[in-house]
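Below is one structure; the comments refer to it alone.
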Amino acid sequence: MIVLVSNVSKSFAILASLALAASACGSSDESERTRGAATTETCVDPPALSHALVLFGGNTEPTYSSVNHTFGNSGSQYRRGVSIDGNAKFPNFSTSFDAGGSTSYLTGSHTGNRPNANNGSWSKSAPPYSQAQWSAYASALADAAEADPSEYPNVRVYRPEGGTVAATNDGGDYPSTQRQTLHVVVGSGTIRQPAGQNDKWDGMVLAPDATVSVTKQNLGYIHGVVIAERFIETINGQTPPQNNTGLQVHGQVPEALVSVCTVEITSATTTTTEATTTTVAPTTTTTEATTTTVAPTTTTTETTTTLPSPPQTTEVPTTTTTTTTVAATTTAPTLPATPAEEDSTTTTVAATTTTPTLPATPAEEESTTSEPLVETTATLPATGSSRSTSTSHTAAIFIVIGTALLGIAARRRA
């Protein structure tokens, strides 16, 4: 919602919007909450104004054509001088006005006698005005006045849309600033002096995109400031007129030329929250017992038995010698025993027979036995002596040798 307000009622609109926000936020229903209404105020101020006549110029020449000889009046409510952004046509006779120390502007060329600016000067520089700013202000003021006429009782709005309109309800002669009418023209077109009105135009004319046309010869003056695209005075089809019509522009500024504030109230937003009950189904977790049978680990150890390499058989010519030893039995003559011999112990030595070694059979030669060889030691009969085994072996050998020698000696004797 957009509310167009003046300076007087601006505060009331803001208070009202705040009250609306407070009431909206006071809802006690927890399921329905209303956010407070937000307000946004936008104000458009009237641009600065320091001249009685301000013309922006347009596509049609001239921008100014009149025999007007007064631009402003004395007093704080008046503006003095003229600002013409374009070309001008002045009368062929001399005129003058009291500039009150102001500078008047004429950017283009002119014909006729340019009025003398007493207590002032003329400049060809660009005037200190923006047509776009004044157009925006005029549009905002017109919208506000049409939306709430009671707030803008002295504002008259016109929308000629390229046509021609006549000013109406202009008010009494020489009105005060509080009672002075403000004629606002929006867009292009033409506005003319009001009909009747005792040959006067007492209001201010704000028509930044339109032409102000004066066609009445005996129109004495325009009491307010004129802001327009063009200002044209035409009498008997002549512009400017060839004689002095006595037209004056007084340049009074009405109080209706105020700031226009737009208060935009954002409608309160009601948010309805529905209570939602969410039923969460119990979650059943089924755990399947998984039995994992671990097979015993069988370790297969391969044992590799490496047999010793068969002995290398080297065939050497074998000479087999067979010796047959025949033990001869010799009976020694029995001598009388000496006492010492009678006391001695007779030891009988068994004869040892050596078996001849036969040649190995072919089967025995091919057979390879991996069993370890066992060394067999011949054990002699015990002699009752405490000598070691090696000593016994040595003794036995000497006995055998000795016996053999005795045998040989006996044969020789015989």
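Determine the gain in length on full extension of the stretch Asn198-Asp148; use 0.36 nm per residue of separation and subtract their C-alpha separation, reporting nm with one decimal. Before the final figure, lay out the partial values.
Numbers: separation 50, 0.36 × 50 = 18.00 nm, distance 3.00 nm.
Between Asn198 and Asp148, full extension yields 15.0 nm more.
Annotation for Asn59 and Ile397: the two label points, set 7 Å from Cα along the Cα-Cβ direction, are 15.6 nm apart.
Taking the Cβ-Cβ separation of Thr215 and Ser176 as r and a Förster radius of 41 Å, what is the calculated FRET efficiency to the nearest 0.05?
On the way: r = 28 Å, r/R0 = 0.68.
The calculated FRET efficiency here is 0.90.
Placing dummy labels 7 Å off each Cα toward the beta-carbon, the span from Cys43 to Asn169 is 2.7 nm. Under the classification rounded if a/c is under 1.5, otherwise prolate if a/b is larger than b/c and oblate if not, where does the range 47-162 fall, given a ≥ b ≥ c as square roots of the Cα gyration tensor eigenvalues? It comes out prolate by the Cα gyration axes. Amide H to amide H distances under 5 Å link Ser96 with Asn116, where only residues 5 or more positions off or on other chains count and H is placed in the peptide plane. In this rough spin-label picture, where each label sits 7 Å from Cα along the Cβ direction, the Asn118-Glu255 distance is 3.2 nm.
Values in this text are rule-based calculations from the coordinates and carry no lab data. Here the structure is a predicted model, which is why all the values come from computation and not from measurement. Don't worry about glycine lacking a Cβ; one is built from the backbone with ideal geometry, like all the others, and counts go over all protein chains shown.
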